[in-house]
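Please treat every number below as a calculation from the coordinates, not as lab data. Since this is a predicted model, take the numbers as computed values, not measurements. Here Cβ is always computed from backbone atoms with ideal geometry, including for glycine, and neighbour counts include all displayed protein chains.
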Amino acid sequence: MTEKELTELEARVLKWISQSDFEEVAWSTKRAADAFKVEEKDIYEALAAITSKVKDNIQIYYEDGAIRIVADDTD
């Protein structure tokens, strides 16, 4: 799959992650939901879809007690 197959929210979340530093600053689903004015469930679903649709563009891992996310929104 390609980025073109992402929903609008998925594409926006991927772009936001790629432009942010969620390696140094721990990921917060609540902050993401607030930023996109959606429910936390929507963010979880978008992350799950992104990792399935463009799995080579995102890495999610756990370190120092927090979730860390790195992404690349380029094709």
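Brief remarks follow.
- Residue, farthest from the chain's Cα centre (by Cα), within region 4-18, restricted to residues that are without any contact (Cβ under 8 Å) to a residue 24 or more places away in the chain and more than 15 Å from GLU45 (Cα to Cα): LYS4
- Any hit, region 64-74, residues being loosely packed, with under 15 Cβ neighbours inside 10 Å and touching a helix residue (DSSP H, G or I) at 6+ places or on another chain (Cβ under 6 Å): yes
- Within region 22-75, the set of residues being free of Cβ contacts under 8 Å to residues at least 40 places away in the same chain, closer than 24 Å to GLU5 by Cα and of a type in the set (Asp, Glu) comprises GLU39, GLU40, ASP42, GLU45, ASP56.
- Residues of region 26-63 that are surrounded by fewer than 12 Cβ atoms within 10 Å (Cβ to Cβ) and over 11 Å from GLU10 (Cβ atoms): LYS30, LYS37, GLU39, LYS41, LYS55, ASP56, TYR61, TYR62, GLU63.
- Applying the condition of being within 17 Å of ASP72 (Cα to Cα) and of a type in the set (A, V, I, L, M) to region 33-62 and asking which residue is nearest to the chain's Cα centre (by Cα) yields LEU47.
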